[in-house]
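The values are calculated or read from the model by the stated rules, or taken from the named source; none is laboratory data. Here the structure is a predicted model, which is why all the values come from computation and not from measurement. Because the Cβ atoms are built from the backbone with ideal geometry, glycine has one as well, and the counts that use them run over all protein chains shown. Ligands, DNA and RNA are excluded from the accessible area calculation, which covers all protein heavy atoms including side chains. Shrake-Rupley method; radii C 1.70, N 1.55, O 1.52, S 1.80 Å.
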Amino acid sequence: MRLADLIDFSWQVLRGSVSRTLLILLAMGIGVAAVVVVTSLGEGARLYVAKQFGSLGSNLIIVLPGRSETAGAMPGVLIGKTPRNLTLEDALALKRSHAIRRFAPLIVGAGDVRAGGRSRETPVLGSTAELMDIRQMEIAQGSFLPQGDPRHSQPVCVVGAKMAGELFGSRPALGEWVRIGDRRFRVIGILSAQGQSLGFNTDEIVIVPLAAAQALFNTESLFRILVEAKSRDQIAAAKADVEEILRLRHEGERDITVITQDAVLATFDRILRALTLTVASIAAISLAVAGILIMNVMLIAVTQRRREIGLLKALGATGPQIRLLFFTEAMLLALGGAAAGLAVGEMGSSFAVQMYPMIPFRAPWWALIAAPAIAILTAVLFTLAPAQRAARLDPVQALSRR
């Protein structure tokens, strides 16, 4: 039997049982669509996290006070110690490292920002001029914090784009004065709109010099130190230098945590990939359900088509040819269901992108190949028993329906 005749015969059989065909196509399509949608969600989350960490800056190293405990507790809790604070002098000591390009000590607090009759509670960051380059910020108007000794500061500030609009409306914000707590600051710069970054909206912040933030929040301790290595190849050396310099300053104690951007990103990447594969595997179980449906329908079809099979065998069709007929039907059903599932899955991913445009939902290439392949494999495997049963039918008994 020629391939064209085989496909045409199988197609006629499928057309003759519309309800059965649509039921199997629906089951296959749902399984494939589920795999595509689930993997697109997982891949979108992974790409979103990568983009968010990329927006933090390149070759970034983050220094945190306190040492990470393997037991999962807060630093110092298990041994009854309070983590040693990071200070500005600790940050300035990092100048000794030849692997570090720049660093920015950081203080974070919340302040009541007022201008005229308008007031807004907002995050206030205290840092230095290097923060703009490390965090890859852009200035829309004016300038960033001035260079100079971070121990001394001027009463100036930089505000986010949304914050400028809320405080001053349509009036120019540059040169205006704002009050944060009991201190006044002159606006010298407005940040370009950047939106959310790891849950932190840079359009709604106010940045002041580090010394001003220390006085404003009455603290000498730093929230973080952001460090930029000179190159990707020097990240490891810069991290080692930070740990050694601060160990010597802290009387030999390793009481800080130094994390690299690449290490955090790699951890998130592994977690999200594993989660995506796990959920996709669960979704792929629906393809096994579709395979069982195909097997049951095919077994019923063998009984209903006994005379047809008997006639084919009486005309000279062999057992392998009968099996091939059933496999061809299963392949056509699997291909049709996979095509429909891929289309519905892509539509689902597109809908998710429209709902959340900041997340790049798209199915990875391996899912677009694996889902149809599993559908076809499942269809063939679960057709083995019905095809074998049909191939064993005796033509005389089949024609006489015995």
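Around Leu86, which amide H atoms from residues at least 5 apart in sequence, or from another chain, sit under 5 Å from its own amide H, with H modelled in the peptide plane?
Residues meeting the criterion, in which the H sits 1.01 Å from N, are Leu222.
Lys and Arg at +1, Asp and Glu at -1: add these up for the other residues within a Cβ distance under 12 Å of Ser97 and post the number.
Taking every other residue near Ser97 into account, the sum is +2.
Between Leu384 and Asp133, what is the spin-label point distance in nm, taking each point 7 Å from the Cα along the Cα→C-beta axis?
6.6
Using modelled amide H (1.01 Å from N, peptide plane; none on Pro or chain starts), what sits under 5 Å from the amide H of Ala317, excluding residues fewer than 5 places away?
none
Give me a comma-separated list of calculated 3J(HN,Hα) values for segment 318-331, in order, Karplus coefficients 6.51, -1.76, 1.60 applied at θ = phi - 60°, integers in Hz, x for any Gly or Pro.
Working through the residues one at a time gives 8, x, x, 5, 5, 4, 5, 4, 5, 5, 5, 4, 5, 5 Hz.
Run the dipole for segment 226-349 about the Cα centre, Lys and Arg Cβ at +1, Asp and Glu Cβ at -1, nothing else charged, and hand back the magnitude in debye, nearest 20.
Around 1100 debye, computed over segment 226-349.
How far apart, in nanometres, would the label points at Asp8 and Ser192 be if each is projected 7 angstrom from Cα along the Cα-to-Cβ direction?
Reported label-point gap for Asp8 and Ser192 is 6.4 nm.
Would you tally the net charge around Ile24, using a Cβ to Cβ cut-off of less than 14 Å, leaving Ile24 out, and scoring K and R as +1, D and E as -1?
After counting each charged neighbour, the total is +1.
What figure in square angstrom, to the nearest 10, would you give for the accessible area of Arg183 with a 1.4 Å probe?
Per-residue accessible area (Arg183): approximately 100 Å².
Which of the GluC sites (Glu not before Pro) found in segment 98-192 are loop residues per DSSP with 12 or fewer other Cβ atoms within 10 Å of their Cβ?
Filter output for segment 98-192: Glu138.
Would you tally the net charge around Phe361, using a Cβ to Cβ cut-off of less than 12 Å, leaving Phe361 out, and scoring K and R as +1, D and E as -1?
0
Beyond 25 Å between alpha-carbons counts as too far, so tell me which of Lys162/Lys239; Lys51/Lys239; Lys51/Lys230 fall in that bin.
Lys162/Lys239
What residues qualify as long-range amide H neighbours of Gly111, i.e. H under 5 Å apart, gap of 5 or more or another chain, H built at 1.01 Å from N?
The answer is Thr122, Val124.
Given a 1.4 Å probe, how much area per residue of segment 93-219 is accessible, in Å²?
Value for segment 93-219: 46 Å² per residue.
What number, in percent, do you get for the relative contact order of segment 88-210 if the mean sequence gap of Cα pairs under 8 Å and at least 6 apart is divided by its residue count?
For segment 88-210, the relative contact order is 31 percent.
Could you give me the ³J(HN,Hα) list for segment 204-218, computed from phi with Karplus coefficients 6.51, -1.76, 1.60 and θ = phi - 60°, whole Hz, x at Gly and Pro?
Computed from phi, the couplings for segment 204-218 are 10, 10, 10, 10, 10, x, 4, 4, 5, 5, 4, 6, 5, 9, 6 Hz.
With point charges of +1 on the Cβ of Lys and Arg and -1 on the Cβ of Asp and Glu, referenced to the Cα centre of segment 206-344, which listed residue (Ala237, Phe268, Leu312) lies farthest in the positive direction of the dipole?
So the residue we want is Leu312.
In debye to the nearest 20, how big a dipole does segment 238-295 give about its Cα centre with +1 on each Lys and Arg Cβ and -1 on each Asp and Glu Cβ?
Taking the Cα centre of segment 238-295 as origin, the dipole is about 340 debye.
With the crude spin-label approximation of a point 7 Å out along Cα→Cβ, what separation in nm comes out for Leu275 versus Trp365?
2.5
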